[in-house]
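Structure record follows, encoded as structure tokens.
The values are calculated or read from the model by the stated rules, or taken from the named source; none is laboratory data. Treat the numbers as computed from the prediction; the structure is a model and nothing was measured. Because the Cβ atoms are built from the backbone with ideal geometry, glycine has one as well, and the counts that use them run over all protein chains shown.
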Amino acid sequence: MTPTSATGAAPAAASPDSYYERHIFFCLNQREGGEDSCANHRAQQGFDRCKSQVKAAGLAGPGKVRVNKAGCLDRCAAGPVAVVYPEAVWYTYVDEHDIDEIVESHLKNGQVVERLLTPAHLGR
Ligand code: FES
């Protein structure tokens, strides 16, 4: 199934030599000095949920999906954020339902979850 994007641009495809079909990185960063950061918005819970759902769906492993922790991805104003490669699709999620939809729709079936896309203008 071919993924789609909000821009309508052709999505990136995994290289034939790619070890994983898709990689999702979750920012788990806690900023110093009281600055807002993904860790303040249940990022760890989002990561844990994604990891368990990917495993439960049989999606984890070589040739399939890898769920990874990341430090600051420099889009803190949109946090909590996660990014999926090779499509380079950014998500802002709120709860476990959002994570479940990303897993089922994008990581499993290659369909971008439009309603969770991180607004393009939001950076740090
Ligand atoms: S703290 Fe998550 S993107 Fe910066």
Qualifying positions in the stretch 114-124 - within 12 Å of the chain's Cα centre (by Cα) and surrounded by fewer than 17 Cβ atoms within 10 Å (Cβ to Cβ): LEU117
Per-region count, the stretch 65-77, residues at pLDDT 95 or above and more than 7 Å from the ligand (Cβ to nearest atom): 7
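Can you tell me which residue in the stretch 97-113 is surrounded by the fewest Cβ atoms within 10 Å (Cβ to Cβ), limited to those that are of a type outside the set (Gly, Ala, Ser) and touching a Ser or Thr at 6+ places or on another chain (Cβ under 8 Å)?
Here the residue is GLN111.
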Positions within the stretch 29-64 being of a type in the set (A, V, I, L, M) and loosely packed, with under 13 Cβ neighbours inside 10 Å, in sequence order: ALA56
Flag for VAL83 being closer than 13 Å to ARG22 by Cβ, within 14 Å of the ligand (Cβ to nearest atom) and touching a Lys or Arg at 6+ places or on another chain (Cβ under 9 Å): yes
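Taking the options ARG49, ARG115, name whichever one is among the basic types (Lys, Arg), farther than 15 Å from ARG22 by Cα and touching a residue at least 40 places away in the same chain (Cβ under 8 Å). First the steps, then the outcome.
Numbers: ARG115 fails: touching a residue at least 40 places away in the same chain (Cβ under 8 Å).
Result: ARG49 is the single residue among ARG49, ARG115 that is among the basic types (Lys, Arg), farther than 15 Å from ARG22 by Cα and touching a residue at least 40 places away in the same chain (Cβ under 8 Å).
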